[in-house]
Each structure stands twice: as structure tokens, then as C-alpha cells.
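Engineer: Dropping the structure in here first, questions after.
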């Protein structure tokens, strides 16, 4: 059964979108999250959310904030994130989302650069982490802590106040400032892999247009339920996991943590999941590891299920003819596929993957098992969705076809460029970067190389700046190779090196548990301090790498590797808040070790 969606013509602002949903279904379930104190899942209706938003607006008004002032939020996904955003937008304030685990120096930079007046944090320890870093926090006039500050906490900070104290005794009517669609709604700082983050200015029109475009890319049903775990500071989750559900009237459930995601999937039974490739890759790795322990019959059944399921998928898509083996699907589904999908909740009608490229091997496994998985593509600067596959027109190796309200084309150097109402206003306080991001005729540059087939499906073929050129002139796609290597559960993180070098090498971060298992087979203690300096150990690990790169050209071979168990982290400065590798920082961190790989003549 289809549902009645809010139409784009019905609303003229992001807070207007919430109010339209409130008017239509005030008593319906809106949000659910786990309460640690009661150890229960608690539910909020749209009306209950509206009451809380009005209370928070009274607190903002008490602090004498004016339309256009910037307020930042640095808390985990929760109903409070939504309340903060809606309360701010309804008063004409500009929301600046921050990553919970971002580095203190980058948080301080954003606070100063965006001229933040109020910062909303998770708790005092999070705030203390910023204070201990001794960074300049600019003109902040108040810091609100979601968790209550007890008398046992560290000495008072005149700026810091508990949420319960900030809103104590306040109430009021829901405020709705008149807003122009082209007014600035949010400044979203990109997690750049080089240099300082840039503040992407997005208007109400930009984000609304993209959310409504997303709503038209699927046949939604009543009772839609989203499980939210990607950071709301990331535009994919914010648009597709927050504003889109309001359009649909869908319930959003906030996962407890990534560690408990598997358990939450089985308890919540979501119908829609928005994720990034790494989640699917980890499940894929666990499935592959589990198969190694299974009998030959079990392995054969599993592989048969994937292959027959994939053939069924191609047949359903109209890209393959009927085959007698399809008659096996109902049995294979019952014995194998359905049991795997039960671990994902068993009720998924749509699994969206974005943020980075999804391996074809991973896509084929999940789609072959019957998961309705579609890959999309976007940029923060495009609010963010540019292209996405549709369930009925799904080519997993592509990024899909363009969404409504947007056009795409192939520009100079095969660059994918887009144009439409979703494209950003520009970069906050950075006219030159804004100018550099658009073509002379106003198309947004993506920085990604692509091709578009006659049927409209787009394919990313590389990055304009990420192609690695060896000393012999051979060109290497490091991202594709790293993604292939990471499908082996032994490798937690991978970075390939070789620009202007005679051969390729890599820095490999191993999964401790997987390494412990491998170490046993190599007759070495996994905690041996010199294990990774032994050439035979390096060769054995490179053998695993070579297996994953079998489909790449012969010159795309990793000859040497620096191996470590020390993970790269956001706090350590080697990852962006969206967990992308900061290549220059990793190169700097391991500069001596990398040079040793090329100077060692063994």
C-alpha cells in the first residue's frame, strides 16, 4: 500500500516541512531511541516533538539570538538533534553540524570561522576535551550539555549549562519565522582529506529540493521505518535519514551504537537502511570468514544461492532471459538467503549505499541473497544526492541515473558535473573556492571522472586528482585497489603509495583478531614485536593482498608493505570525520617507514 507524501509545493522551508507533517499526523510515531536509565526504547510522536521544539525555542529567544546567527550541534544521532535543528531553523538561525569525534583543533576552527554563538555538546567530558586542547573558541556565548552536569563534575565553567537548566520552566508556542527558500539554512563543513574544512552553504531550497527528489526515487509504503546510525552531521544521513522520513511520515529509530548495530537491526526490523560501503564490507568479510568454517555442502549451497539469486535479479531487471536454475530459488531462499537477511532485520525493502564506491563483489553477494540494495552518488555541495539507482532499474556497477531537480553532464577531462536547485550557494567566506567549484556556465564540478551510458546510467571511472602515476608512466587507481584489499577481513585500513616511484607499496593496518588467527598458521606469536619486520611474514601478508588484486593489471602489484596494528583515527589526525584517509597525513606519519621500503634492497 502506497502512502500520501508531502508535496514539494506544500512547503517553503525545512521547518515548514516539519510543521506540515505535524498538521497531518500529529499523533503518529515520529522517533524512537533507547533510554539508558530505563533500559527501554522510548517513542515520541510528532506532537511531542513539536512541544519540545517550542520549549527549546523559548531558550534560544532568552539568549537573545537573532535570525542569521549560527548555532552548532555536536551530539550523537538522537531526537534531541532534530529538536535542536528544528528549533533553530524555526527562528531563522543557521545550523552548523559538527562531528562528535572531530579533532579539537578542527572544531575550534569551525567555531571561529562560522562565528558560532551557541554550541550544543553531548556532555561535560566532550567539552573538557576541547578545553584541554587549549584552542581558541572565539565568541561562544553559551555551551549546552545534553547530559546533566552533576555537582561531582569538574569545577564550573561559566559558559557551560545543562540542557535541563537551559530550558527549565520554559514553554511557548511553536515559532515559525517567515523564510525565503533561498535563505541560508545550514553551513556544513566538508571533511577534506587535505587542508582546512570548507563550509558549504546550503539553503532551504537546496536541501528541500534534494529531499523531495529522493522521495520520488522509490515506491514507498505505509509503515516505513528507518534505522539511523550514520552521523547526522553528514549530509547523506541528514537529507535521506532525517528530512526524507518527514516527507514520508516514516518513523526513525536511532541505533544505540555501531557495535550494537547487528542487534538493533534484528530488534527494530527497519524497512529502509541508509549506509556506507564499509558496513556492507564488514558483513561481507564476516560471511566469508564464516564460510571457511563450513562444510563443503554448506559452501556449495551458499555460493549457489548467490549465483541463482543474482541470475534472478538480472531476469527481474530484464537484463537476462529465464533459465531453469531459477526454479531452485525458492528452496535456496528458504535454506540460505532468508537466514542471512534475517540478520539485517528481515524486513528491508530498500538498502541505500552512498558516500563511497561499493565493490561489485559485495553488491553481487547481497543482491544475490535478495537484499534490495541500490548505490547512489552525491556531494555535500549538492545537498547531497546527484544520482541513484532505482529498485526497478538497478545496475550495481553504476551510480544510477540523475535525480529530479538536477542535470548531469560530462565536462572537461571527463569530469562529472551537475546543475540544479540542489547545488550549494557557495563556500562560507571563501569566494575563490566557490569560483573554482563551478564552471563558467554555472555547473558544479565534482572532481570525479565519469561516463554516462545511452540509458542514462552514470559510472565513476576515477578521481581527477587521485590517479597515481608510477615512474614508468603507468597509471594506478589507488582507491579501487584499496577497496579491493579491504574486502579481506585481515585488513582494517589500507593506503597505497607509488606516485613517481618505481613500484607500488602500501601501509596496512591489520585487524588484531584476524592477525592473531593468521599468526598461528605462520608459527609466530601475534604480539611478537618484530613480527612485521620479518620478510617471510611480509610476503605472507602480501600474498593475501595479491589475491584481492587478481583482477587488476599486472603492473598494479604491491611489492612492499609497512604493516601495523595501530589503527588510524580521527583523533589521531589520520582520518576525516567521515573516516576517509588523509593521505598527506598518513604519508607524513609513516615517512621514514615508507622511505625504508624503497631503500631496502632485499
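A short reminder: the numbers here are calculations on the coordinates, not readings from a lab. No experiment lies behind these values; they were computed from the predicted model shown. In this analysis, Cβ positions are derived from the backbone assuming ideal geometry, glycine residues included, and neighbour counts consider all displayed protein chains.
Engineer: Gain in length, residue 325 to residue 177, computed as 0.36 nm per residue apart minus the alpha-carbon separation, to one decimal in nm?
Structural biologist: Gain in length upon complete extension: 47.2 nm.
Engineer: Which of rounded, prolate or oblate describes region 265-325 when judged by the alpha-carbon gyration tensor and an a/c cut-off of 1.5?
Structural biologist: It comes out oblate by the Cα gyration axes.
Engineer: Between Rg and the Kirkwood Rh of region 114-256, both from Cα atoms, what is the Rg to Rh ratio?
Structural biologist: 1.01
Engineer: Give me the percent of DSSP beta bridges within the chain that run antiparallel, rounded to the nearest 5.
Structural biologist: Taking every DSSP beta bridge within the chain, about 55 percent pair in antiparallel fashion.
Engineer: For residue 454 and residue 36, FRET efficiency with R0 = 56 Å and r from the beta-carbon atoms, rounded to 0.05?
Structural biologist: According to the calculation, E is roughly 0.55.
Engineer: Calculate how large, on average over all directions, the projected area of the Cα convex hull of region 468-599 is; give the answer in nm² to one decimal.
Structural biologist: Average of the hull's projected areas for region 468-599 equals 8.0 nm².
Engineer: How far, in nm, would the chain grow between residue 527 and residue 25 when pulled straight, counting 0.36 nm per residue and subtracting the alpha carbon separation?
Structural biologist: That pair, residue 527 and residue 25, stretches by 174.9 nm at full extension.
Engineer: Still on this structure, please answer the following. Just the number, please: percent antiparallel of the DSSP beta bridges in region 468-599, rounded to the nearest 5.
Structural biologist: Within region 468-599, antiparallel bridges account for around 60 percent of the total.
Engineer: Okay, next question. Quick check: pseudo-label points 7 Å beyond the Cα along Cα→Cβ at residue 112 and residue 559, how many nm apart are they?
Structural biologist: About 4.5 nm, to one decimal.
Engineer: Return the tail of the calculated pair distribution for region 411-547, meaning the percent of Cα-Cα pairs more than 23 Å apart.
Structural biologist: So the pairs more than 23 Å apart make up 55 percent of the total in region 411-547.
Engineer: So, in nm, how far is label residue 196 from label residue 463 when the simple model puts each one 7 Å beyond its Cα toward the Cβ?
Structural biologist: Using points 7 Å along Cα→Cβ, the separation is 2.2 nm.
Engineer: Okay, next question. Please state the relative contact order of region 8-179 as a whole percent: Cα pairs under 8 Å, 6+ residues apart?
Structural biologist: This gives 23 percent for region 8-179.
Engineer: Report the relative contact order of the chain, percent, no decimals, based on alpha-carbon pairs under 8 angstrom and at least 6 residues apart.
Structural biologist: The normalised contact order for the chain reaches 11 percent.
Engineer: Relative to 2.2 N^0.38 Å, what does the C-alpha radius of gyration of region 502-551 come to as a ratio? Two decimals please.
Structural biologist: Relative to the 2.2 N^0.38 Å estimate, region 502-551 comes out at 1.19.
Engineer: Okay, next question. Report the relative contact order of region 468-599, percent, no decimals, based on alpha-carbon pairs under 8 angstrom and at least 6 residues apart.
Structural biologist: Worked out over region 468-599, it gives 23 percent.
Engineer: Let me ask something additional. Quick check: convex hull over the Cα atoms of region 8-179, volume per residue in Å³, rounded to an integer?
Structural biologist: 132 Å³
Engineer: Using a Förster distance of 22 Å, how high is the FRET efficiency between residue 45 and residue 342, based on the Cβ-Cβ distance and rounded to 0.05?
Structural biologist: Efficiency for this residue pair is about 0.15.
Engineer: Hey, with R₀ at 41 Å, roughly what FRET efficiency would residue 10 and residue 66 work out to, going by the Cβ-Cβ distance, to 0.05?
Structural biologist: Efficiency, rounded to the nearest 0.05: 0.90.
Engineer: In region 64-81, whose amide N lies under 19 Å from the spot 7 Å out along Cα-to-Cβ of residue 170? List them in ranges.
Structural biologist: 64-75, 79-81
Engineer: Give me the number: length gained by fully extending residue 222 to residue 407, i.e. 0.36 nm times residue separation minus the C-alpha to C-alpha distance, one decimal in nm.
Structural biologist: Here the segment from residue 222 to residue 407 would lengthen by 63.6 nm.
Engineer: Further question: Kindly identify region 243-291 as rounded, prolate or oblate by the Cα gyration tensor criterion: order the square roots of the eigenvalues as a ≥ b ≥ c, call it rounded if a/c is under 1.5, otherwise compare a/b with b/c, prolate if a/b is larger, else oblate.
Structural biologist: prolate
Engineer: Same structure again: Quick check: convex hull of the Cα atoms in region 202-353, volume per residue, rounded to a whole Å³?
Structural biologist: That works out to 135 Å³ per residue.
Engineer: Please report how far the C-alpha centroid of region 219-241 lies from that of region 376-405, rounded to the nearest whole angstrom.
Structural biologist: First find each Cα centre; the distance between them is then 15 Å.
Engineer: Now for a separate question. Would you mind putting 108-115, 348-355, 412-419 in packing order, based on average other-beta-carbon counts within 10 Å, highest first?
Structural biologist: Sorting 108-115, 348-355, 412-419 by mean packing, highest first, produces 348-355, 108-115, 412-419.
Engineer: If the viscosity is 1.567 mPa s and the temperature 4 °C, what translational diffusion coefficient in µm²/s does Stokes-Einstein give for region 1-95 when Rh comes from Kirkwood over Cα pairs?
Structural biologist: My calculation gives 89 µm²/s for D.
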